[in-house]
1. Let me have the 222 nm mean residue ellipticity of the chain computed from DSSP H runs of 4+ only, each contributing -39500 (n - 2.57), with the sum over all residues rounded to the nearest 500.
2. Can you tell me which of 184-193, 199-208 comes out highest on packing, and rank the rest after it, using the mean Cβ neighbours within 10 Å?
3. Kindly write out, for the stretch 76-85 in residue order, the coupling ³J(HN,Hα) from the Karplus curve 6.51 cos²θ - 1.76 cosθ + 1.60 (θ = phi - 60°), rounded to whole Hz, with x marking Gly and Pro.
4. Kindly write out, for the stretch 89-97 in residue order, the coupling ³J(HN,Hα) from the Karplus curve 6.51 cos²θ - 1.76 cosθ + 1.60 (θ = phi - 60°), rounded to whole Hz, with x marking Gly and Pro.
5. Could you pull out every one of the lysines with an alpha carbon less than 22 Å from that of K119, ignoring same-chain neighbours closer than 8 positions?
6. Report the Cα-based extents of the chain along its three principal axes, largest first, to the nearest Å.
7. Residue by residue through the stretch 10-15, which ³J(HN,Hα) values in whole Hz follow from phi under the Karplus form 6.51 cos²θ - 1.76 cosθ + 1.60 (θ = phi - 60°), with glycine and proline marked x?
8. Once amide H atoms are placed 1.01 Å from N in the peptide plane, what residues at a sequence separation of 5 or more from F208, or on another chain, have their amide H within under 5 Å of its amide H?
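Every read-out reported here was derived from the displayed coordinates using simple, explicitly stated rules and does not represent laboratory data. Note that the coordinates shown come from a computational prediction; the quantities given were computed from them, not determined experimentally. Cβ placement follows ideal geometry from the backbone for every residue including glycine, while neighbour counts extend to all protein chains displayed.
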Amino acid sequence: MLDNYEGFKEKILKLTGIDLSSYKERQMRRRIDSLIRRNNYDDYDLYFKALTRNPDLYNEFINYLTINVSEFYRNPDQWSILENEILPEIMKYNKRPKVWSAACSTGEEPYSLAMMMSKFIDLSSFRILATDIDDGAVNKAKRGVYSPKSLENLPSNFIDRFFIKSGDNYEISERIKNCIEFKHHNLLVDKYPENCDLILCRNVMIYFTEEAKAEMYHNFRKSLSSNGVLFVGSTEQIILPNRYKLKSIRTFFYKRSE
C-alpha cells in the first residue's frame, strides 16, 4: 500500500529540485501513484531508492512528472492574434525583441515563434531563450525531429520552408534551430530572465497550486520589459491580474499595469 507521500515529496525535492508541494496534490499524486504501480512497486521508499540507482527509471519519472504535451501552433487562433496584433506592437518598441519561451517542453512552441518572427525580421537578427525543467524534453527539442501529427496546425508554407522529411517524421532546419538557445530552468526556484519583450508560458500553470502560480505571476511581471507581453495558455486566463500588477490586453495576453 502506498503511504508516506509527504516523506517522498521531501526526498524528491532534495534529489531533483522539484517541489511537489507546489503542484496540485490530488492530480500529481494520482499520476505518480499510477507510474509507481506501472513499474511494479507498491511503496514510495522502495520506488525512491530505485530512482537513485536506475537512470532510466529516473528519466522516466522526470519526463512523466513534467507532463510534456506540446504541438506546433497550439490553439491557432491565439497564434493569429500574436502574429497580427501583439508582435507588430512589440516591434514598434524593439526591432530585435528579447523573447523567452518558458516551460518549452519539446520545443514546438519556440520553434513556432521563430518561424513566425521570420515574417518580420531576418532569422539571423534574433535568438529566443527556451527553457524547461526536463532535460530529456530539452534534448529532444535540440534534435528537432517531430511527427506529422504535431505539425498539423502549422501553416503549410512553414513546413515547406523550414522542415526536411526524415523517414516518417520531419526535422526542423538548422536555420530555425540556430535561433533558439535551450536551457534548463526551474520556474519555482531559478532566477527569471530580465527585460523580456515577450514571454510565452502556456499550458503548464494549470498543474500548480494557487500559491505557486501567484509567485510565478509576480516573477513574470518583474521579468517583463516596460512594454513586454506575457502570453499564457488557453485554460490559464489570469483571474484579477491586477493582483500581480498585470493587465489584460487581449484574452490570454497581459502587460505590466505599472
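1. Values: 11 runs with 104 residues, N = 258.
Computed ellipticity for the chain at 222 nm equals -11500 deg cm²/dmol.
2. Going by the mean number of other Cβ atoms within 10 Å, highest first, we get 199-208, 184-193.
3. Values, residue by residue: x, 4, 5, 5, 5, 5, 4, 6, 8, 10 Hz.
4. Taking θ as phi minus 60°, the curve returns 5, 4, 6, 5, 9, 8, 6, 10, x Hz for the stretch 89-97.
5. Leaving aside lysines fewer than 8 places away in the same chain, those within reach of K119 are K92, K95, K98, K177.
6. 58, 50, 26
7. Computed from phi, the couplings for the stretch 10-15 are 5, 5, 5, 4, 5, 6 Hz.
8. K24
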